[in-house]
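Everything on this sheet refers to the single structure shown next.
Computed from the coordinates by the stated procedures, all read-outs in this text should not be read as laboratory data. Model, not experiment: these values are computed from the prediction. Don't worry about glycine lacking a Cβ; one is built from the backbone with ideal geometry, like all the others, and counts go over all protein chains shown.
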Amino acid sequence: GENVEQHPSTLSVQEGDSAVIKCTYSDSASNYFPWYKQELGKRPQLIIDIRSNVGEKKDQRIAVTLNKTAKHFSLHITETQPEDSAVYFCAASTGGFKTIFGAGTRLFVKA
Amino acid sequence: NAGVTQTPKFQVLKTGQSMTLQCAQDMNHEYMSWYRQDPGMGLRLIHYSVGAGITDQGEVPNGYNVSRSTTEDFPLRLLSAAPSQTSVYFCASKTSQPTDTQYFGPGTRLTVL
């Protein structure tokens, strides 16, 4: 069945450094790739997304890239801040109604 | 607009008991889903619905039933609870547009003893 692999599972960076989280997906029909941030005890919230006809998207300090040929997509956070500390999930969706999530990356930003 | 609501927030069951987790949304979204979240395993899709009267299985459907009699409500039923169903359950909804955002409810923390 469909699968989304996410790496690393844990990431620790110094404040101000960049953080990169990578995902691969198995279903070549996937056409929508959202990223969610989940703070402790809270619900997942969308932070950025990318559609299959776009290679890169940026929103202030966060950016996402997509390589459809390799079935890879990545989240880049620049100038990290302590409030970026959370669990980040990538996901892949086909047709919009069935979304498969990666296992998550716990990001620690050290002040 | 309350968004996506879930009840209860917390629940403790004994093995073999049954219960229903409630989910409602007031955004007139066609699509609704149930996920469970376990440590280190992300969010796994249990069941989803693309509209009233239409449901389908996700990645981990065993032990759970759903129905969708109205656009607003999408309850999740545990027929005979097992300790392996101890988890945090999230309901989510979105429009039928393939690339629209999925909105999550606040979650229900379920413990099965």
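Within the range A:73-87, take every residue that is in a strand (DSSP E or B) and within 13 Å of A:SER12 (Cα to Cα) and give me the one that is farthest from the other protein chains (Cβ to nearest Cβ).
As a first pass, look at the range A:73-87 and keep what is in a strand (DSSP E or B): A:73-77, A:86-87.
With the extra rule that they be within 13 Å of A:SER12 (Cα to Cα), the set shrinks to A:77, A:86-87.
Working: A:ILE77: 19, A:ALA86: 14, A:VAL87: 9 Å.
If we take residues in the range A:73-87 being in a strand (DSSP E or B) and within 13 Å of A:SER12 (Cα to Cα), then A:ILE77 is farthest from the other protein chains (Cβ to nearest Cβ).
Residues in the range A:1-49 that are free of Cβ contacts under 8 Å to residues at least 40 places away in the same chain, among the hydrophobic types (A, V, I, L, M, F, W, C) and facing chain B (nearest Cβ under 9 Å): A:LEU46 only. Could you please find all residues in the range B:99-112 being more than 12 Å from the chain's Cα centre (by Cα), within 13 Å of chain A (Cβ to nearest Cβ) and part of a strand (DSSP E or B)? Matches in the range B:99-112: B:TYR103 only.
List the strands (runs of 3 or more DSSP E) inside the range B:1-98, counting only whole elements, that have at least 1 residues being in contact with a His (Cβ under 7 Å, 6 or more places away or on another chain) and closer than 19 Å to A:LEU46 by Cβ. So that I can check it myself, show each step before the final result.
Numbers: elements: B:4-7, B:10-13, B:19-25, B:31-37, B:43-51, B:54-57, B:64-66, B:76-78, B:87-94.
Where strands (runs of 3 or more DSSP E) fall fully within the range B:1-98 and carry at least 1 residues being in contact with a His (Cβ under 7 Å, 6 or more places away or on another chain) and closer than 19 Å to A:LEU46 by Cβ, they are B:31-37, B:87-94.
Residues in the range B:3-60 that are exposed (fewer than 13 other Cβ atoms within 10 Å of the Cβ), more than 28 Å from A:GLY102 (Cβ to Cβ) and out of contact with any strand residue (DSSP E or B) (no Cβ under 8 Å at 6 or more places or on another chain): B:GLY16, B:ASN28, B:GLY53. Check A:HIS76, A:HIS72 and return the single one that is surrounded by fewer than 18 Cβ atoms within 10 Å (Cβ to Cβ) and farther than 21 Å from B:LEU43 by Cβ. Exactly one of A:HIS76, A:HIS72 is surrounded by fewer than 18 Cβ atoms within 10 Å (Cβ to Cβ) and farther than 21 Å from B:LEU43 by Cβ, namely A:HIS76.
The single condition among (1) free of Cβ contacts under 8 Å to residues at least 60 places away in the same chain; (2) crowded, with 16+ Cβ neighbours inside 10 Å that B:CYS91 does not satisfy is (1).
Is at least one residue of the range A:95-104 free of Cβ contacts under 8 Å to residues at least 24 places away in the same chain and either out of contact with any Phe, Trp or Tyr (no Cβ under 6 Å at 6 or more places or on another chain) or within 11 Å of chain B (Cβ to nearest Cβ) (or both)? There is at least one residue in the range A:95-104 that is free of Cβ contacts under 8 Å to residues at least 24 places away in the same chain and either out of contact with any Phe, Trp or Tyr (no Cβ under 6 Å at 6 or more places or on another chain) or within 11 Å of chain B (Cβ to nearest Cβ) (or both).
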